[in-house]
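Okay, structure first, notes after.
The values are calculated or read from the model by the stated rules, or taken from the named source; none is laboratory data. Bear in mind that the values here come from a model prediction, so they are computed numbers and not experimental data. Positions of Cβ are generated from backbone atoms using ideal geometry, with glycine treated the same way; all protein chains shown enter the neighbour counts. For accessibility, only protein heavy atoms count, side chains too; no ligands or nucleic acids. Shrake-Rupley method; radii C 1.70, N 1.55, O 1.52, S 1.80 Å.
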Amino acid sequence: MTTYLPTLKQLQYLVALRDAGHFGRAADACYVTQSTLSAGIRELETLIGVTLVERTRRVVRFTPLGERIVDKARRVLREADELGEIARAAGRPLVGEMRMSVIPTIAPFLLPRILPQLRTEYPELKLFLREEPTGPACEALHHGRTDCVLLALPYACGEVEVEPLFDDRLLVAFPGGDTLPGSGPVMAEDIDETRLLLLEDGHCLRDHALAVCASPELRGQAAMLGTSLHTIVQMVENGLGVTMLPEMAIGAGILRGTGIDARPIDADRAARRIALVWRKASPRERDFRLLAEVLRTAAQDRTDKSR
């Protein structure tokens, strides 16, 4: 009795359609024509004898069984990717393709400092970068769309291996005309919480700032929400309030050309821990730990030179 199994290509088409929710966009993501992708999914449905996708002119809707098949397909595709990773892991370190997600409050401030050294030391590494908030980055990691994530802790990213890199202090930033008690570190209780400008939900730095103030109830009370640290800085510059900025952003010059002052915060949790995470039991663990060491060393070298 002959058993016909789905092909990896058919599973890729199905997962792409589920992620995109549109045949055209899914086909673009797979670098095929829409007719090729549609035919591949129909062949898969014929092969297993069930309907996975309900098609209308405007809506692509997966059946309950289709959702289950997609979840299984993701795992199969991830396992298939790891076959190649096992072979690469047995060879030279940090060679070939690697997909890394980086959160927006790290990417523009840290990557320009470390990528040149990484390219110099490991020229055969093809590092593909995705900038996205922590939640989507962790989801992409567990679905196999990315290999590792550069993020800030604490954050619940699921069952992952964690390699801490360094601590990044948070500083309170305020308009130059404002005054805060003393001249050294600012006590957390001296920060006017009613003027605290925060990033939108979805950015872990928002939660880190709330933790410093020990005021999670502020989550729904902030009058001003910024989409990025650069936007928040402009709001502070215009006297709309105060904020907390990571030291790496200040070191990268985010306050250059502004009249904003920044001072350390005297509080137990006035820092975030930068870390590299990846899926447990990944065959590329050696590569990820080596990458973490390169990132840690490069960041430290740049910090020492800036002092």
**Request:** Looking only at the range 42-63, decide whether some residue is among the charged types (D, E, K, R) and closer than 28 Å to Ala299 by Cβ.
**Result:** no
**Message:** I'd like to check something: does the range 207-219 contain any residue that is closer than 23 Å to Phe166 by Cβ and at pLDDT 90 or above?
**Reply:** no
**Request:** Spot the failing condition for Val32; the list is (1) part of a helix (DSSP H, G or I); (2) free of Cβ contacts under 8 Å to residues at least 40 places away in the same chain; (3) open to solvent by less than 70 Å² (accessible area, probe 1.4 Å), and only one is missed.
**Result:** (1)
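Going by what's in this entry, would Leu210 be described as surrounded by 19 or more Cβ atoms within 10 Å (Cβ to Cβ) and touching a Ser or Thr at 6+ places or on another chain (Cβ under 9 Å)?
It is false that Leu210 is surrounded by 19 or more Cβ atoms within 10 Å (Cβ to Cβ) and touching a Ser or Thr at 6+ places or on another chain (Cβ under 9 Å).
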**Message:** Step by step: first the residues of the range 171-189, then only those that are over 32 Å from the mean Cα position of the chain (by Cα) and open to solvent by 60 Å² or more (accessible area, probe 1.4 Å), then the one that is nearest to Gly259 (Cα to Cα). Which residue is that?
**Reply:** Gly177
**Message:** Looking only at strands (runs of 3 or more DSSP E) that lie completely in the range 53-170, which have at least 1 residues being more than 27 Å from Thr7 (Cα to Cα) and modelled with pLDDT of 90 or more?
**Reply:** 96-102, 125-131, 148-153
**Message:** When the residues of the range 233-265 are narrowed to those that are touching a helix residue (DSSP H, G or I) at 6+ places or on another chain (Cβ under 8 Å) and β-branched (Val, Ile, Thr), which ends up surrounded by the most Cβ atoms within 10 Å (Cβ to Cβ)?
**Reply:** Thr243
**Item:** Residue list for the range 157-182, filter: more than 21 Å from Ala252 (Cβ to Cβ), touching a residue at least 12 places away in the same chain (Cβ under 8 Å) and not charged (D, E, K, R)
**Value:** Cys157, Gly158, Val160, Val162, Gly177, Leu180
**Request:** Pairs only if they're at least six apart or on different chains, beta carbon under 6 angstrom, first in the range 130-148 and of a type outside the set (Val, Ile, Thr), second open to solvent by 20 Å² or more (accessible area, probe 1.4 Å) and in a strand (DSSP E or B); list them, first residue then second.
**Result:** Asp147/Arg99
**Asked** For the range 287-306, does any single residue satisfy the condition of being among the polar types (S, T, N, Q), out of contact with any strand residue (DSSP E or B) (no Cβ under 9 Å at 6 or more places or on another chain) and open to solvent by 10 Å² or more (accessible area, probe 1.4 Å)?
**Response** yes
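Let's see how each residue does on (1) within 19 Å of Ala140 (Cβ to Cβ); (2) surrounded by fewer than 17 Cβ atoms within 10 Å (Cβ to Cβ):
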site	(1), (2)
Lys9	no, yes
Asp28	yes, yes
Gly40	no, no
Ile48	no, yes
Val59	no, yes
Lys72	yes, yes
**Message:** Could you check the range 1-51 and list, in sequence order, the residues that are aromatic (Phe, Trp, Tyr) and on the phi < 0 side of the Ramachandran plot?
**Reply:** Tyr4, Tyr13, Phe23
**Message:** Condition (residue is farther than 25 Å from Arg75 by Cβ and open to solvent by less than 10 Å² (accessible area, probe 1.4 Å)) applied to the range 143-153: is it met by at least one residue?
**Reply:** yes
**Message:** Against the definition (closer than 30 Å to Val277 by Cα and either surrounded by 16 or more Cβ atoms within 10 Å (Cβ to Cβ) or out of contact with any Ser or Thr (no Cβ under 8 Å at 6 or more places or on another chain) (or both)), how does Gly158 come out, yes or no?
**Reply:** yes
**Fill in**
How many residues of the range 107-142 are over 30 Å from Gln12 (Cα atoms), buried (at least 17 other Cβ atoms within 10 Å of the Cβ) and β-branched (Val, Ile, Thr)? The answer is 1
